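Below is one structure, written out as structure tokens; the observations come after it.
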Amino acid sequence: MAQNMTRRRVVLVQILALALAAVMPLLSGGVDIQQVRVLAAKFNVTCVVVFGDSSVDPGNNNYIATPFKGNFLPYGKDFFRGHPTGRFSNGRLATDFIAEALGYTNEIRPFLNKRLRPVDILHGVSFASAASGYDELTANLSHVLPVSKQLEYFREYKMRLRQLIGARKAENIIKNAVAVMSMGTNDFLQNYYLEPIRPKQYTLEEYQNYLASCMSDDVKTMHSLGITRLVVVGVPPLGCMPLVKTLMNQETCVEKYNNFSSSFNSKLQFKLEVARTTLGMKIGYVDAYGIFEDAVNNSKKYGFIEASKGCCGTGTIEYGDTCRGMSTCADASKYVFWDAVHPTERMYEIIAGQAIDSLRKQLMT
């Protein structure tokens, strides 16, 4: 009897697995999720840990004293249960889709969430803070978490993990985790081009080099803390952001801003190549610049009908608090941008597809 029940359970699990495989869609970019999950199991990928800014902050800023929050409508209107979480989008972020593709969870939790569950600790969390950047000054100007503080919380996370499952298993989880780092936009838009401190110290190219060095130091610290697999997301073409176009009084992408975005990404990639060689880490790179550029220039290819303005308010200048309570477009999935700065859930899904492809090719080999 017991043997028959066990066989039935096994058969049921197999049927459910086959059903899931049949209905699970491909993420944009043609990534086979089932193949990714098989590879993740083969290479013992254990969880996802996230560092960065609003592009990957699921709500850590809700728990700190800063005006840079997204925990009010219309942010989150298309999220599960239709409520704001602190994500600066209408729904999920790229890291949520990445975690789902790996088979862990359909939403990454903020580490500062007071209701963090043991299962969240095991599957991975985000330490990211909206308005942060590679430059410590960027975060300090906005009263958010700099990377140094995010890494401090990562150390605390490791302690909680050890308390939960023991030191040896905890170290194994960290060793086989995938870390995601996404930031850089605020260093330029909220710092260099807005505040007088850094321009007095650095030319634009010198500042790019400084930021790339900061990123390199962060990677070294992550490595010292046990991280061996890392995905770094480059900055998008900042000149194509609706807010930048509005401020520069241009209808098309601002070439000057796009040029330094591209130049900065090249410096990041050079530093990452050095880190691969010297630290022996497996490091993937996500070309956010190329993804956004293609979506803006070939919007119909991705099912978009609007790539020049956001879905919130006029779509030309509202973001963060100025988006609060604003009316929105009828279907955000047809827009590249949710507000005048941040992408829609649909655009994040496309970015996630490219990130997963990078993870598959560069980290799981």
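The values are calculated or read from the model by the stated rules, or taken from the named source; none is laboratory data. As the structure is a prediction and not an experimental result, all values here were calculated from the model. Quick reminder, even Gly has a Cβ in these numbers, built from the backbone with ideal geometry, and neighbours come from all protein chains shown. These area figures cover heavy atoms from the full protein model, side chains too; ligands, DNA and RNA do not enter into them. Shrake-Rupley method; radii C 1.70, N 1.55, O 1.52, S 1.80 Å.
Values as computed for the structure displayed
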read-out	value
Filter on Lys114/Lys309; Lys42/Lys169; Lys175/Lys301; Lys149/Lys256; Lys282/Lys334; Lys245/Lys301 - keep pairs with C-alpha separation over 28 Å	Lys114/Lys309; Lys175/Lys301; Lys149/Lys256; Lys282/Lys334
Accessible area in the full protein assembly, largest first, 1.4 Å probe, for Asp331, Asp339	Asp331, Asp339
Extension gain (nm, one decimal) between Glu251 and Lys301, 0.36 nm per residue minus Cα-Cα	15.9 nm
Solvent-accessible area of Glu255 with every protein chain in place, 1.4 Å probe, in Å² to the nearest 10	130
Size of segment 110-162 as Cα extents on the principal axes (Å, biggest first)	34, 18, 15
The chain: calculated mean residue ellipticity at 222 nm from DSSP helix runs of at least 4, using -39500 (n - 2.57)	-14500 deg cm²/dmol
Spin-label pair Tyr202/Asn44, simplified geometry with 7 Å Cα→Cβ offset, distance in nm	3.9
Helix runs (DSSP H) in the chain reaching 15 Å along axis by Cα, Kyte-Doolittle at least -1.0	2-23, 147-165, 204-224, 255-279, 345-362
Antiparallel bridges, percent of DSSP beta bridges restricted to the chain (to nearest 5)	15
Whole-angstrom gap from segment 325-365 to segment 237-257, using each part's C-alpha centre	19
The chain: radius of gyration and largest Cα-Cα distance (Dmax), Å	20.4, 79
Accessible-area value, Val180, 1.4 Å probe, nucleic acids and ligands omitted, Å²	10
Burial order of peptide ranges 114-126, 60-72, 133-145, 341-353 (average beta-carbon count within 10 Å, highest first)	341-353, 133-145, 60-72, 114-126
Accessible surface of Lys256 - all protein chains present, 1.4 Å probe, nearest 10 Å²	120
Local electrostatic count, Tyr335, Cβ distance below 14 Å [Lys/Arg +1, Asp/Glu -1]	-2
Sequence-separation-based contact order of segment 80-229, relative, with Cα cut under 8 Å and 6+ spacing, percent	19
Qualifying aspartates and glutamates (Cα of each under 12 Å from Cα of Lys158; at least 8 residues distant if same chain)	Glu171
